[in-house]
Amino acid sequence: MTRSAAVDVLADVVGWSGASKWKPDWQVTERLLGLRLPEDYKTLLSTFPVGKYAGTVLVNAPTVTGKEGDLLALFGEVMRDLNDGEKYPYATFPKLPGLIPWAGFTHPMGGTLFWLADQGDPNEWPVVAWGADGNWEEYDIGAVAFLIALVRGKLPSKLLKPKPGKPAYVSYED
C-alpha cells in the first residue's frame, strides 16, 4: 500500500519515520464487514504501528480478537452499548448509514471514534465522536485529517483535547 499525502503530513507532524512491522489483512477485515474501509485509515495502519496520538486517541488495528481481522470484535463492548435499546442520534452498523468504530480516546472524558458509514465512497465518511458523558460530535473529515488536527491542537472539540505534556505519537509495537 502506498503512502498518502495525509499520512505523510501526519508522519511529519508527529516525527514518525519508521514502519509498522504488523500489516493488517484488509481483505479479511473488509470481507467480514462487507464494506470497503477508508483508504487513509488503511494507509495509516499500514504505516504507523498501533499507538496513541496526543496522549488521548488510541488507534488499534483489527486483530485476532474475536475473528481474524474483525474490526467490530475489537470494539465489541461499544457496539453492545450502542445496541442496548436506548435512542441514539445515529444508527449502528450493519444499518447504513451507521456507526463503525475505529479508535478510542481517554482524555478528558473518554469515548469512541466512529465513521458514519454509508454505501457511498468510504473516503467521504465523516468521523463521529461519542463521549463517555453521552455527548456526540461530528467532523466532516477522515481519520487521518482528524488525527492531524488533534495533534496540532486545532480540533474544534469539547470532547477531545491533546493531553498536556504527552508526545504527539507513541508506538505500542514491541
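Laboratory data are not the source of any read-out in this text; all were calculated from the coordinates shown. Everything numeric here is computed off the predicted structure, so don't read it as measured data. All Cβ positions, glycine included, derive from the backbone under ideal geometry; neighbour counts span all protein chains shown.
Note on region 31-174: with charges restricted to the Cβ of Lys and Arg (+1) and Asp and Glu (-1), its dipole about the Cα centre is near 360 debye.
Near Gly142, once Lys and Arg are set to +1 and Asp and Glu to -1 for all other residues with Cβ below 12 Å from its Cβ, the sum equals -4. Modelled label positions at Thr106 and Tyr90, each set 7 Å beyond Cα in the direction of Cβ, lie 2.3 nm from each other.
Quick one: Karplus J couplings for region 101-115, per residue in order, coefficients 6.51, -1.76, 1.60, θ = phi - 60°, nearest Hz, x for Gly and Pro? With coefficients 6.51, -1.76 and 1.60, one gets x, 9, 6, x, 9, 10, 10, x, 9, x, x, 10, 9, 10, 9 Hz. If you take all other residues with their beta carbon under 10 Å from the beta carbon of Thr106, and give Lys and Arg +1 and Asp and Glu -1, the sum is +2. Put +1 on the Cβ of every Lys and Arg and -1 on every Asp and Glu Cβ in the chain; which of Leu99, Leu147, Leu116 then has its Cα farthest towards the positive end of the dipole? Value: Leu147. The residues neighbouring Ser157, those whose beta-carbon lies less than 12 Å from its own, together hold a net charge of +1 under the Lys/Arg +1, Asp/Glu -1 convention.
Restricting region 67-118 to GluC sites (Glu not before Pro) that sit in a DSSP loop and have at most 14 other Cβ atoms within 10 Å of their own Cβ leaves Glu68, Glu86. Applying a threshold of 22 Å to the alpha-carbon distances of Lys42/Lys87; Lys21/Lys52; Lys52/Lys154; Lys21/Lys163; Lys52/Lys161; Lys21/Lys161 flags Lys42/Lys87; Lys21/Lys163; Lys21/Lys161 as lying beyond it.
Peptide packing for 27-36, 53-62 was compared via the average number of neighbouring C-beta atoms within 10 Å per residue; ordered from the highest value, the list is 53-62, 27-36.
Working ranking of peptides 161-167, 115-121 by packing, defined as the average number of other Cβ atoms within 10 Å per residue, highest first, is 115-121, 161-167. Counting only DSSP beta bridges whose two residues both lie in the chain, roughly 95 percent are antiparallel.
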